[in-house]
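Asker: Pasting a structure here, questions to come.
The values are calculated or read from the model by the stated rules, or taken from the named source; none is laboratory data. Just so it is clear, the model here is predicted, and its values are computed rather than measured. Note: accessible area is taken over every heavy atom of the protein model, side chains too, but ligands, DNA and RNA are not part of it. Shrake-Rupley method; radii C 1.70, N 1.55, O 1.52, S 1.80 Å.
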Amino acid sequence: MAANHGGIKVFSGTSHPELAAGVAKRLGIPLGKATVTRNESAESLIRISESVREHDVYIINTSCCSPTPTGSSASPNTSLMELLIMIHACKTASARRITAVIPHFFYARQDKKDKSRAPITAKLVANMIENAGCDHVITMDLHASQIQGFFNVPVDNLYAEPAALQYIREMVDISKAVIVSPDAGGAKRATSLADRLNVDFALFHKERKKANEVSRMVLVGSVQDKVAILVDDMADTCGTLALAAQRLAESGAERVLAIVTHGVLSGPALERIMESRLEKLIVTNTIPQEGNARQCPKIEIIDVSHVLAETIRRSHYGESVSVLFNQIPYDTTQPYRHGTDTPAGEEVPGVGGSTQSPRRQLHANHLASSLAQVAAAPGSASSSSAFPPSSYNDPDPPAAAHYFAADRDRQARASAAAAAAGAEEQTPRLRHADAVGLGRGEEKGGSAALRGLMSPMGGGGLPPPRG
């Protein structure tokens, strides 16, 4: 499919400009010029400073508490309003297509009516984004997949699973790993990861007295002398992760790590992480994490800007995005490698400053080790399933070209057979039109063809009508 006429334009709100700059860098284009400020009454003032007419526009804003010029933090509501206003501004400026790139979706946890008179706020957000003029939505690891159904426009829900797989393969001894879900709701996500790594799986059953407070957790599965890896889509106050890490350590786990996609880390989260039995908390940068990483040395960051950039590129050129559900598009510098994969003088994404370390040394060593293992054991289970596909992330199989062809052929054959059998047994009948003509006396003896039809011997005919 040909590219959109005007090319790609990428704009950013104030919630995560670092991620937007990384995406633009991966795409090889400058970040779009836009002014986002607030007036004295705290209203958002937005101006698109370059033409977007007939362009394919991508607006990046995520749900988080973003900083303001005064130093205070703005709520996710501010980020949402910025996104809506920017979409509307581009729509009225004659953009060809507008895509909202929302790495962490707004109000994703309010996706169902779980109490009397409770609002389904995620549905409201979807309606607002559509009504503003959005044509397409790109997000990552939705808290509930049914949020995609709240939209009447296409939604691409990306997964952080391939990036998490890469981290585990590089930083963890797979032979001792066990994937742990902190609750029953995340079992599908955790089992998918465990299946692709070909490792064991464990599960916590937890009981809550009220939101963000876990009263009791029961471990189902064995983690004795294992590296326990907790997997979840979101970490907010980290009460669940801290309690789960404590239970895992008491159950004999050698090390305890946690990998989450969205590190909200609100309230006492950083303090709980530092005091917990967690060795590392690995989060993606769908939400800004640089400040949290400086305050808490246990936090490691996985950069996903290249995943978003490749999704944007594929969307613009009309290519399939489903390949990104199972693998990262390409390797890139990662903050968790702490500069060992960064060229001299290049800044590590998510970590300030530069490094003089050799380029991609750690990743190259890991790749060489993996290739050596495959060469040493060709045909083995471990080598033949190095990256087994994920049933959780696999796209639906393509539909058959002629889905009803077999049924149509079968029905046609049955109809033909019935017609052939009926032709041999059926007695010729008088057509309705001829019968009407005879009743009116248009032709006393009927037509010659009709008399021949009605006479078994080919002659005679019907007696002329009376009167």
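Asker: At a threshold of 8 angstrom on Cα-Cα distance, excluding pairs fewer than six apart, so keeping six or more, what relative contact order does the range 160-302 reach in percent?
Answerer: 19
Asker: List every residue whose amide H lies under 5 Å from the amide H of ALA177, counting only residues 5 or more places away in sequence or on a different chain, with H placed 1.01 Å from N in the peptide plane.
Answerer: VAL227
Asker: How large a share of the accessible area of the range 160-302, in percent, is made up of carbon and sulfur atoms when the probe is 1.4 Å and the other protein chains stay in place?
Answerer: 46
Asker: Students often forget the sequence filter, so: which lysines lie under 21 Å Cα-Cα from LYS280 once same-chain residues fewer than 8 apart are removed?
Answerer: Output for LYS280: LYS176, LYS226, LYS298.
Asker: Skip the ligands, DNA and RNA, and give the accessible area per residue of the range 160-302 with a 1.4 Å probe, whole Å².
Answerer: Ligands and nucleic acids excluded, the result is 39 Å² per residue.
Asker: Where does the range 160-302 land on Rg/Rh, using Cα atoms and the Kirkwood Rh?
Answerer: Looking at the range 160-302, the ratio lands at 0.93.
Asker: Quote to one decimal, in nm, the extra length available between ALA187 and ASP225 on full extension: 0.36 nm per residue of separation minus the C-alpha distance between them.
Answerer: Length difference between fully extended and current span is 11.5 nm.
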